[in-house]
1. Could you work out the mean projected area of the convex hull around the alpha carbons of the stretch 3-81, in square nanometres to one decimal?
2. Please sort by residue number the GluC sites (Glu not before Pro) in the stretch 1-78 whose DSSP state is loop and whose Cβ has at most 16 other Cβ atoms within 10 Å.
3. Based on Cβ point charges of +1 for Lys and Arg and -1 for Asp and Glu, what charge dipole magnitude is obtained for the stretch 3-81 about its Cα centre, in debye rounded to the nearest 20?
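Every read-out reported here was derived from the displayed coordinates using simple, explicitly stated rules and does not represent laboratory data. Computed from a predicted model, the values in this text were never measured in an experiment. Note: ideal-geometry Cβ built from the backbone for every residue, glycine included; neighbour counts use all protein chains shown.
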Amino acid sequence: MPPNLRLAQNLRYLRLRADFTQEQMSETVGFEFKFYQKLEGGNKAQVKVETVERLGKPFGVEVWQLLAPLAVLKRAKMKFPSPRTQSQRGPRAKWKGRPRTRPVQG
């Protein structure tokens, strides 16, 4: 099994074991929701080691355990953080991007 699919399988296992939604999981590890969806879906062909470290840190799981077969992860001792609440996250920005400018009419 390719490493990106093994990572995806292990992330899904961790998320379901912690009883998190994908959105809660992405907030827990500090990634954008869409980016996390791509990781768990196996749609990211290349993932940095630092990214895998960030994914495992809240659960006390090391990089090699996330990239190992699922049987290895099932035997690992893990901790399960509680999802952050809205007050802990702070207010969400409704729109991120460049401000719109109106065309100059002359």
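1. 4.3 nm²
2. Working: sites: Glu23, Glu27, Glu32, Glu40, Glu50, Glu53, Glu62; in loops: Glu32, Glu62.
Sparse-neighbourhood loop GluC sites (Glu not before Pro): Glu32, Glu62.
3. Numbers: 14 positive and 8 negative charges, 57 e Å.
It works out to roughly 280 debye.
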